[in-house]
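Take a look at the structure below.
The values are calculated or read from the model by the stated rules, or taken from the named source; none is laboratory data. The model shown is predicted, which means the values in this text are computed figures rather than measured ones. For neighbour counting, all protein chains shown are included, and Cβ atoms are generated from backbone atoms with ideal geometry for every residue, glycine included. We work out accessible area using only protein heavy atoms, side chains counted, and drop any ligands, DNA or RNA first. Shrake-Rupley method; radii C 1.70, N 1.55, O 1.52, S 1.80 Å.
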Amino acid sequence: MRFAVVLLAVGLLLTPSAARADARAYTNPVSASFADTFADPMVIAGDDHHWYAYGTSDPLREGEGTPHRIPMARSTDLVHWSYAGDAFGPDQLPAYARPTAALWAPDVRKIGNRWVMYVTVTETEPDGASAIGVATAPTPTGPWTFAPEPAVPPRAAPDGGWWWTFDPAQVTTPDGVRYLYYGSYFGGIWASRLTADGLRITGEPTRVAIDNKFEGAYVVRRSGWYYLFASSANCCAGPTTGYSVSVGRSRSPLGPFVDRDGQSLNVSRAGGTPVIAPNGNRWVGTGHNGLVTDRRGQDWLVYHAIDRADPYLDEPFGVNERPMLLDRLDWIGGWPTVNGGAWASSSPASLRPVPRPRPVPVPQPGRLLPSYTDEFRGGLGSAWDFVRPDPAATVSGGQLRWPVQGADLTGDSDNAGVLLRDAPAGNWIAETRVGLDLGEDTVRNFQQAGMIAYVDDDQFARLSTVAIWNTRQVEFGKEMPYAGRTSYGGTIAGTPGRTTTWLRLAHRVDPANGEHEYRAGVSRDGRNWTWGGVWTLPADTDPRIGLVAHGGAEPAVTASFDYLRFYRG
């Protein structure tokens with residue numbers, strides 16, 4: 001993590017060829033040798049001492065224009081990859097697919113003496129809904145033949161339309177029972193038992209993670225636990241993509257899955273222990289993972305990410321450029337995290353193993369900075385300024401009370417009030433306790449309240465407890481100017497409390513480039529904190545820190561802030 005200067009060794013030592021390269025280093029993205037983009041990656045071990053990678057259908061190179069239908073790659077060491085062709089030809093779609101269908105997010109496993117690929121089919125005949133297709137092959141690179149029927153057919157949503165039947169992932173229990181996980185934001189993540197040949201689901205499905213928060217499931221079994229990895233937030237918002245991975249675990253492949261704090265992944269205020277999120281370096285959108293274990297037993301996370309300096313394959317706001325990255329997956333206290341919590345690597349990483357990884361330190365508040373702190377025991381002092389004053393915001397009884405406005409800051413709206421004050425120099429942590437009753441399960445889009453690091457209406461980082469459809473989440477969002485427009489995206493930082501949530505922003509200045517880095521912290525009790533991702537604001541700006549309460553005036557609800565405290569970081 002860029003909030004701690006930590007040198008992390010990353011170990012491979014897979015085969016004789018890898019052993020000879022042990023003194024060398026690798027640098028992400030590992031797919032650069034054959035592709036500019038290789039989204040939704042998954043990697044398997046072949047029977048021939050090679051590794052095989054599969055990605056979503058996109059053009060592989062800038063300027064190419066034509067998508068590859070499930071591109072494949074081969075490697076002897078997980079680091080050096082070569083293109084191994086496309087799984088399917090230009091005219092090769094399953095019989096139930098529309099000609100305009102795309103193939104996304106493959107998952108490949110060996111069942112018996114053949115290889116089986118599960119893949120999202122984005123449009124089916126006659127209804128246009130999505131399904132999980134299934135194909136088989138004698139080798140990891142084909143030739144692949146689609147089964148006549150999907151493994152998971154289209155699923156009608158109870159209130160109309162079709163649930164998103166995306167992102168398949170298979171797991172096999174120790175007694176040989178196979179399950180398939182599938183689903184996305186519209187409908188949630190589900191698990192079904194597979195037939196013995198692995199070609200179709202059977203029996204009643206079980207929802208294992210709530211809709212409107214999770215997609216991209218991947219499940220592994222470790223030490224008697226099943227770990228459900230899932231991605232959250234927008235996969236594809238260019239330089240502000242906050243896609244990230246969190247995890248829950250269960251003794252059963254059908255759940256219930258809970259996070260490190262015992263919070264369920266299948267409720268309105270869903271939990272999720274962070275595995276990887278943007279960390280302030282070049283990589284944003286660190287999500288949709290696979291997991292591979294090398295021949296020494298070391299686990300690795302394969303995932304895609306976006307270089308915020310080069311976020312699109314070609315034109316701005318077109319295809320997001322999402323190459324494949326590889327980083328060590330550590331298990332600390334029974335929970336997985338990438339590089340000990342440092343997350344995505346952008347500089348050369350050592351190939352030496354780390355047998356006992358230690359967690360990277362998280363931000364800790366130091367001494368209180370009273371000249372910047374306000375306990376709201378009187379009226380707002382002269383240190384505060386309003387952008388678009390709201391007379392409904394009042395201070396009394398040790399609280400700032402602010403009715404949530406029917407306004408916003410994202411896109412072209414820019415009509416919400418923002419209450420600001422100057423921030424200290426150097427490293428610091430700002431904290432507030434916000435009360436906001438958003439209820440349970442009902443749609444309250446997008447009522448929210450929280451803190452903001454603000455340059456202007458088109459350049460800010462906002463941390464708020466928010467209603468997102470039927471869910472209640474803590475979103476850390478960023479907006480910035482880009483290519484003559486604005487770009488907005490969020491990363492999910494933690495789980496809000498029922499009516500009260502503690503929020504922190506930890507600030508530092510990157511000594512290499514002068515950027516302001518802000519990391520999000522969330523607590524439901526003010527004592528135990530979950531630290532999420534990092535957003536940056538430009539070096540040549542002087543962001544102020546403040547509070548917001550907006551996103552929707554109906555039903556009427558008032559946010560209360562008990563204080564805004566600053567601590568030396």
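In the set (1) surrounded by 14 or more Cβ atoms within 10 Å (Cβ to Cβ); (2) of a type outside the set (Lys, Arg); (3) touching a strand residue (DSSP E or B) at 6+ places or on another chain (Cβ under 8 Å); (4) modelled with pLDDT of 95 or more, the condition left unmet by residue 375 is number (1).
Can you find a residue in region 546-564 that is acidic (Asp, Glu) and over 24 Å from the mean Cα position of the chain (by Cα)? Taking every residue of region 546-564 in turn, at least one turns out to be acidic (Asp, Glu) and over 24 Å from the mean Cα position of the chain (by Cα).
Here's the yes/no breakdown for (1) of a type in the set (Gly, Ala, Ser); (2) within 30 Å of residue 421 (Cβ to Cβ):
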site	(1), (2)
303	no, no
326	no, no
345	yes, no
359	no, no
371	yes, yes
374	no, yes
377	no, yes
387	no, yes
394	no, yes
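Taking the conditions exactly as written (of a type in the set (Asp, Glu) and within 23 Å of the chain's Cα centre (by Cα)), does residue 127 satisfy them or not? So residue 127 fails the test. Among the strands (runs of 3 or more DSSP E) confined to region 401-512, the ones with at least 2 residues that are farther than 30 Å from residue 315 by Cβ and open to solvent by 30 Å² or more (accessible area, probe 1.4 Å) are located at 500-509. Selection of region 26-78 for residues being closer than 28 Å to residue 296 by Cβ, surrounded by fewer than 18 Cβ atoms within 10 Å (Cβ to Cβ) and small (Gly, Ala, Ser) yields 32, 33, 45, 46.
In region 222-237, the qualifying residues are those that are open to solvent by 50 Å² or more (accessible area, probe 1.4 Å) and in a strand (DSSP E or B), and the one that is farthest from residue 498 (Cα to Cα) is 222. Scanning region 24-48 for residues that are of a type outside the set (A, V, I, L, M) and closer than 20 Å to residue 353 by Cα turns up 24, 26, 27, 28, 29.
Go over the candidates 109, 74, 61 one by one and state the one that is at pLDDT 95 or above, among the basic types (Lys, Arg) and part of a loop (DSSP other than H, G, I, E, B).
61
Restricting the search to region 484-527, which residues are in contact with a His (Cβ under 9 Å, 6 or more places away or on another chain) and of a type outside the set (Phe, Trp, Tyr)? Spell out the reasoning first.
Our first condition is that a residue be in contact with a His (Cβ under 9 Å, 6 or more places away or on another chain); within region 484-527, this holds for 507-510, 516-519.
507, 508, 509, 510, 516, 517, 519 - these are the residues of region 484-527 that are in contact with a His (Cβ under 9 Å, 6 or more places away or on another chain) and of a type outside the set (Phe, Trp, Tyr).
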